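Structure first, commentary second.
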Amino acid sequence: MEVDTQHYDDIIIGGGKAGKTLAPALVADGRKTALVERSLNMIGGGCINIACIPTKTMVASANVANTVRKSSAYGVKTNTPSVNLAEVIQRKRSVVQGMREMNLHNLETALGHELIIGTARFVAPKTIAVTTTEGNNRLLTAERLFINTGTRPLIPSISGLTEVEFLTSESIMELEYLPEHLIVLGSSYIGLEFAQMFRRFGSGVTVIGQSEQILSQQDPDIAIAVQTLLEQDGIEFLLKAKVLRVDRTGNETILQIQVGDREITLQGSHLLVAVGRAPNTDSLNLAAAGVATDIRGFIQVNDRLETNVPGIWALGDINGGPQYTHISLDDYRIIKTNLINKGDRSTRDRLVPSCLFIDPELAHVGLTETEAQQRGYAIRVAKVDASAVPRAKTLGQTDGLLKAIVDADTGRILGCSLLCHEAGEVISTVQMVMQAQMPYTVLRDGILTHPTMTEGLNILFSKL
């Protein structure tokens, strides 16, 4: 059966943060634009539906439970919290649904029927075949194509793993009853957020990490401080550990683990696999377009997000850069600046903030102390315990550590890690000073509101 070919100026494959923001901008620029998204349940992308928004909604519930549990320390007497995970999940679904519907409305308003729900694959460099959710086949061509298909949970090759039931960062958010003992495979951002969340809901939790420290990209002092906090919550850690085999017997998942020179057995009711993300490129048939990927399957791009094929760009997680929604948004800005505003913007030297949404939060921007030393900087290091911040005392949130790395020659801030209450908000102040290339003394001597957590920057930088 012959399929009609429809031509567009621009086609976006995937409606994540970059894609959903780019589409209306292209339409406003007079471009005939189509956006292909594989499912109505993924409108708005991974952040809204399966990542940032749902996880942080559940983190909020876990922190409420923890506050109730510790309320007597504030002079407030309450009963021991009873967590109804089904209701937590329903709250999460409600938040996600509201944001998804808002995004759907915005895209339908901008694109109309050019919002296509279906699965796309390349059949030529500028041509894609789309199988819609209604079962129709469409052939679309365009002058320019933008790939924004995101990532999915990475499933490691472990003997027996595929034969047992295990959870991912997506499926665990649909679990409506508490695991008795949750084993978390992975000791980075995703694993640690779920570890603390479910510990505060009431589950026993063990975290397995392959490296000698959690958060392997952080300095050891920061990683140790985070681990200590989580251990105080009752989370157990097995580090420098390699899972050899996974089995399931009755209601127990059984892991054979190599830890140093000994082999141990660990049993738990549930297993969460959180060892990273894999790119959604395998179904795109990129070979037909000649688009190059790296060994992991991420699309290779230059600093203007251009692939090796002229007229094809890759945005967001799929291009192998930092996997944050705010980076996907900045990828959109690069495309808009270069293609619509005729400017010149790239990924070179952009500051990338991050936040691990445990309690207290760990926020970071710039270089770590280790990275600064490796790059040959002469550095000065400032550190202060979070307990030195007056606001932390009033809140009863005194756990944590603030750390900054400063160029000894210029006085400019090279990097900062904040493990403290509201760190994700406070780090933005540091980032603005870094972007303006101002010296650290701006934060040391600036008048900051008392008592706030941001005032802690006065204290931190006075240590220099």
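Each reported figure results from applying straightforward, stated rules to the coordinates on display, with no laboratory input. This one's a predicted model, so the numbers in the text were calculated from it and none came from an experiment. Every residue, glycine as well, gets a Cβ built from its backbone with ideal geometry; the counts of neighbours run over all protein chains shown.
Of note:
- Separation of alpha-carbon centers, the stretch 124-173 and the stretch 306-352, rounded to whole Å: 21 Å
- Across the stretch 271-287, computed HN-Hα scalar couplings (Karplus, 6.51 cos²θ - 1.76 cosθ + 1.60, θ = phi - 60°) run 10, 9, 9, 9, 10, x, 10, 10, x, 8, 10, 5, 9, 7, 6, 4, 4 Hz from first to last residue, x flagging Gly and Pro.
- Global dimensions of the stretch 161-275 from alpha-carbon coordinates: Rg and Dmax equal 13.4, 41 Å.
- Per-residue 3J(HN,Hα) values for the stretch 7-12, derived from phi via the Karplus relation 6.51 cos²θ - 1.76 cosθ + 1.60 with θ = phi - 60°, read 10, 10, 6, 9, 10, 10 Hz in sequence order (x marks Gly and Pro).
- Calculated log₁₀ intensity ratio I(q)/I(0) where the Debye formula runs over C-alpha points of the stretch 238-320, q = 0.13, 0.14, 0.20 Å⁻¹: -0.63, -0.66, -0.83
- Two-decimal log10 I(q)/I(0) for the stretch 360-462, as the Debye equation yields it once each C-alpha is a single scatterer, q = 0.15, 0.24 Å⁻¹: -0.53, -1.31
- Along the stretch 51-56 the Karplus relation, 6.51 cos²θ - 1.76 cosθ + 1.60 evaluated at θ = phi - 60°, assigns HN-Hα couplings of 9, 3, 5, x, 5, 6 Hz to successive residues, with x for each Gly and Pro.
- Prolate/oblate/rounded label for the stretch 313-424 (Cα gyration tensor, a/c 1.5): oblate
- Using the average count of surrounding beta-carbon atoms within 10 Å as a protection proxy, the listed peptides 9-19, 389-399 rank, highest first, as 9-19, 389-399.
- Scoring 132-140, 356-364, 420-428 by mean Cβ neighbours within 10 Å over their residues and listing the highest first yields 356-364, 420-428, 132-140.
- Rounded D (µm²/s) - the stretch 1-63, Kirkwood Rh over Cα pairs, Stokes-Einstein at 10 °C, 1.306 mPa s: 117 µm²/s
- Taking only alpha carbon atoms, the chain gives an Rg to Rh ratio of 0.99, where Rh is the Kirkwood radius.
- Ordering 221-231, 80-90 by mean Cβ neighbour count within 10 Å, with the highest value first, yields 221-231, 80-90.
- Amide proton proximity set for Ile12, modelled H, under 5 Å, gap of 5+: Ala34, Leu35, Val36, Phe146
- Taking Cβ separations below 4.7 Å as the criterion for a possible disulfide partner, the isolated cysteines in the chain are Cys355, Cys416, Cys420.
- Counted charge near Ile224, where neighbours are those whose Cβ lies closer than 15 Å (Asp, Glu -1; Lys, Arg +1): -4
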